[in-house]
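As structure tokens, the structure follows; a few thoughts come after it.
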Amino acid sequence: MTKQETLNIQIQNEIKTVEEYKFEPIKGYPMLHWKGKRPFNSTQYYPAQLKENYGEEVNGWMNKIFWGDNLQVMSHLLKEYRGKVDLVYIDPPYDSKADYKKTIKLNGKSVSNSHLGFEEKQYSDIWTNDEYLQFMYERIMLIKELLNDTGAVYIHLDWRKNHYLRMILDEIFGADKFQNEIIWHYSGWNKKNASYFNKRHDTILYYSKKGNPKFSPYRKDWESKEQYVKQRKQKLHVEENTGKEFVYSDAGNGTRVKRYIEDALKEGRHIDDVWKIDKLNNSDKSKTNYPTQKPELLIERIIASNTSAGDIVFDCFMGSGTTQSVAMKMGRKFIGADINLGAIETTLKRLNKVSRELVDKSNTLDLDTTEPKDYYTGFSVYNVNNYDVFRNPVEAKEILKKALEIQPLPHNTLYDGEKDGRMVKIMPVNRIATRADLTELITGFNQSKFQKLYDESPNKPVEKILLVCMGHEPDLAANLEKEMKPFKLDVEVVDILRDKSNLEFKRDSEAKIELVKDKLVIQNFYPMNLLQKLSLMKENVGDWKELTESIKIDWNYDGSVFEPKLVDLPEKNELVKGEYGIPEDSGTIRVKITDLLSESLEMVLEV
């Protein structure tokens with residue numbers, strides 16, 4: 001029996017034996033109400049599939065990166081990590097009504113084409129009705145369950161929804177668990193606005209699981225001796241016998257003690273709740289060009305204040321992997337998750353570089369913290385609920401609309417289009433649609449319209465609906481019809497994985513790889529989706545390396561988990577090598593070539 005067959009049996013057994021996770025009801029605090037608010041009292045276990053391993057365990061720990069819906073990821077984590085996470089930092093969507101894009105540029109100049117770059121949607125931050133609040137409500141509930149009793153959560157927001165999220169946090173954690181409203185103030189251009197001041201800060205809400213969180217306030221260096229003395233509003237003195245400078249400090253009971261300037265400067269000063277930190281600029285070596293990436297110093301302050309070396313840090317809106325990168329540099333264990341494959345690949349590239357720096361110790365890390373005893377540099381990559389059909393949920397909907405010939409409805413915020421007289425709703429892509437996913441529809445229905453149609457013809461459907469799914473619970477349509485009684489709905493379900501398996505969602509990449517004596521040589525690589533977006537023909541590709549983000553090679557692939565021992569991650573303005581020496585003990589070789597869109601081609605070769 002192969003490892004994969006054994007894993008499949010294990011997963012099925014887990015699904016059978018794990019019951020729903022129950023949560024304590026929340027009561028006694030002011031509550032925010034919104035259209036479609038429903039209690040979140042339990043969740044089910046979702047299996048995860050181990051896909052890749054990088055590096056080795058340290059003290060029995062392997063960091064974890066999950067690709068999938070973070071609600072399902074956290075539901076999966078509850079089995080092993082309920083009450084074990086020390087710190088959660090998230091930078092979730094803000095309901096900004098915008099699509100966030102990443103600029104894709106070729107790595108070289110030999111490709112003969114005027115279209116050498118474009119913008120690729122990474123994720124959409126556009127929500128209908130109050131679904132954003134329900135989305136965040138459910139995820140904050142799970143975050144609370146994962147935290148240990150001395151744990152804390154930091155939620156990064158802006159002016160759009162921070163007041164709503166604070167009420168939700170009061171409801172879930174309790175108003176008495178509020179610790180700070182941190183203001184991150186940053187510089188920018190001064191624009192002339194007709195009716196408001198320039199918006200130049202974000203808000204970070206800090207709540208604890210219980211009353212006494214683990215906390216050691218972050219200290220910042222004093223800029224100078226003069227700054228310290230001025231802030232203390234004390235006269236500077238000098239000891240006659242030693243020449244040491246000091247000020248007097250009030251010790252209580254009317255007594256004073258000497259506070260030596262040298263000691264004070266070494267110790268630094270406690271920061272307050274307004275953090276003046278510049279946004280990332282183009283010269284920052286940690287910059288990944290991922291939209292909404294935050295500076296490492298911001299995350300460093302949070303991790304340093306609420307964790308010790310070896311503690312577990314979790315971020316389920318991972319993005320470019322800043323939290324994970326800083327945690328690794330600070331000797332913390334970490335778990336990360338994101339629904340976007342572009343975020344996963346960006347994070348993996350970043351973590352591989354940090355891991356290499358820590359192992360080699362050849363580069364100085366940009367963190368002002370005490371060096372830990374151990375660095376947790378190994379990490380594994382998982383899919384949750386077989387989340388691996390589409391690489392980009394934003395793009396997936398557009399592909400489905402075209403493939404199914406769905407007519408757009410530009411001004412309709414509830415439906416994704418219309419087809420053959422049916423209103424079309426595309427359910428969440430890349431995972432099985434469940435009853436919980438029907439909430440947006442149910443709360444968005446025009447009840448007054450339905451009532452009028454029902455009064456006119458009680459036995460006729462008030463709406464004909466087509467649900468498009470990537471796998472679904474068998475009673476999905478029946479549940480929707482049941483929830484809307486006495487109104488009658490005519491619901492049809494199209495399961496792409498079952499009913500439309502012949503649809504071509506993306507063109508496969510092509511590559512030619514040869515084993516020449518003791519070397520593995522990549523002769524060419526044609527990422528077809530990327531070439532299409534660049535309006536390039538294969539014959540016009542001068543150097544395939546310019547289209548390539550990374551190359552990873554597992555010299556002894558076991559047929560189940562990809563464990564690359566060679567990772568070719570070029571620095572800026574450099575290209576992958578494309579030619580690699582084969583180790584003497586190599587067996588089955590698996591090569592993974594990732595292009596600039598984060599799409600990968602994997603090939604297996606025998607020595």
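Pairs from the list K51/K285; K97/K192; K425/K538 with a Cα-Cα gap above 31 Å: K425/K538. Which shape class applies to segment 145-233: rounded if a/c is under 1.5, otherwise prolate when a/b exceeds b/c and oblate if not, where a ≥ b ≥ c are the square roots of the Cα gyration tensor eigenvalues? Taking the square roots of the gyration eigenvalues as a ≥ b ≥ c, segment 145-233 is oblate. The mean sequence separation of alpha-carbon pairs under 8 Å and at least six residues apart, normalised by the residue count of segment 393-499, gives a relative contact order of 25 percent.
The DSSP beta bridges internal to the chain are antiparallel in roughly 65% of cases. On the basis of the beta-carbon distance and an R0 of 30 Å, S535 and T292 show a calculated FRET efficiency of 0.60.
Working from Cα pairs under 8 Å separated by at least six residues, relative contact order for the chain is 16 percent. Cβ crowding within 10 Å ranks D158, D272, D416 as D272, D158, D416, fewest other Cβ atoms first.
Restricting the chymotrypsin sites (Phe, Trp or Tyr not before Pro) of segment 183-250 to loop positions (DSSP other than H, G, I, E, B) with no more than 13 neighbouring Cβ atoms within 10 Å leaves W189, Y196, F197. Approximating the spin labels as points 7 Å out from Cα along Cα→Cβ, the E24-to-Q227 distance works out to 4.3 nm.
The ranking of S75, S320 from fewest to most other beta carbons within 10 Å of each one's beta carbon is S75, S320. Less than 5 angstrom separates the built amide H of A511 from those of Y526, all sequence-distant by 5 or more or on a different chain. Taking 0.36 nm per residue of separation and subtracting the current Cα-Cα distance, fully stretching the chain between F197 and K244 would add 12.2 nm.
Cross-link pairs exceeding 21 Å between alpha carbons, from the set K353/K517; K214/K266; K84/K177; K552/K577; K210/K329: K353/K517; K214/K266; K210/K329.
Working note: 222 nm ellipticity from helices only, DSSP H runs with n ≥ 4, each -39,500 (n - 2.57), summed and divided by the residues of the chain, gives -7500 deg cm²/dmol to the nearest 500.
If you wrap the tightest convex hull around every Cα atom of the chain and split its volume per residue, you get 226 Å³.
Available extension along the chain between N412 and S187 is 77.2 nm, counting 0.36 nm per residue and deducting the alpha carbon span. Sites listed here are GluC sites (Glu not before Pro) in segment 132-238 whose DSSP assignment is loop and whose Cβ has at most 16 other Cβ atoms within 10 Å: E223. Taking square-rooted eigenvalues a ≥ b ≥ c of the alpha carbon gyration tensor, is segment 220-269 rounded, prolate or oblate, where a/c under 1.5 means rounded and, failing that, a/b exceeding b/c means prolate? Oblate, because a/c is 1.5 or more while a/b does not exceed b/c.
Its Kirkwood hydrodynamic radius, worked out from the mean inverse distance over all distinct Cα pairs, puts segment 393-499 at 14.3 Å. For segment 37-81, applying the loop criterion from DSSP together with a ceiling of 16 other beta carbons within 10 Å to the trypsin sites (Lys or Arg not before Pro) yields K37. You can think of it this way: the chain between A98 and D455 has 124.5 nm of extra reach, that is 0.36 nm per residue less the Cα-Cα gap. The residue among Y454, P428, N412 whose Cα reaches farthest toward the positive pole of the charge dipole of segment 393-499, with charges on the beta-carbon of Lys, Arg, Asp and Glu, is Y454. Per residue, the Cα convex hull of segment 254-315 amounts to 191 Å³.
Rule-based calculations on the coordinates, nothing more; no lab input. It should be emphasised that the depicted structure is a prediction, and the values quoted were computed from it without experimental measurement. Here Cβ is always computed from backbone atoms with ideal geometry, including for glycine, and neighbour counts include all displayed protein chains.
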